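Shown next, in structure tokens, is the structure this report addresses.
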Amino acid sequence: MTHACRSSDDTSRRLKDALIDRAQDGKPHTGKRRYGYDKSGTAIIPAEAEIVREIFSRYLDGQTTTAIAVDLNRRGESTALGGEWNMEHLERAGDLGQPPRSRHPRVPG
């Protein structure tokens, strides 16, 4: 039992250290590409950045994430991974899932 706990602690420490190293190197913390950025997480994709701005603006104007997703899908816009938009994708792309007081929009460009 002690060995398993130590192993788990070691794995946790290594993971946290790796995330800190990636942040200090200016790299994203996940392997998935964020919408609006290339896979490195540092270069902005202008066409996607424009969609992120649109999403955020429409959300602030009172449109629901469902209505925005339906429209993006109707227009043939796809997510970073090539899928259809839904509420979760929109919240991630525009950081819309946080309460207004703590929201820090990530609008590329």
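Taken together, the values in this text are just the output of simple stated rules run on the coordinates, not laboratory data. All of these numbers come straight from a predicted model, not from anything done at the bench. When we count neighbours, we look across all protein chains shown, and the Cβ atoms used for this are built from the backbone with ideal geometry, even at glycine.
Quick look at the values:
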item: Gain upon complete extension [residue 22, residue 42; 0.36 nm per residue less C-alpha separation]; result: 6.0 nm
item: Charge tally in the Cβ shell below 10 Å around residue 51, where Lys, Arg are +1 and Asp, Glu are -1, residue 51 excluded; result: -2
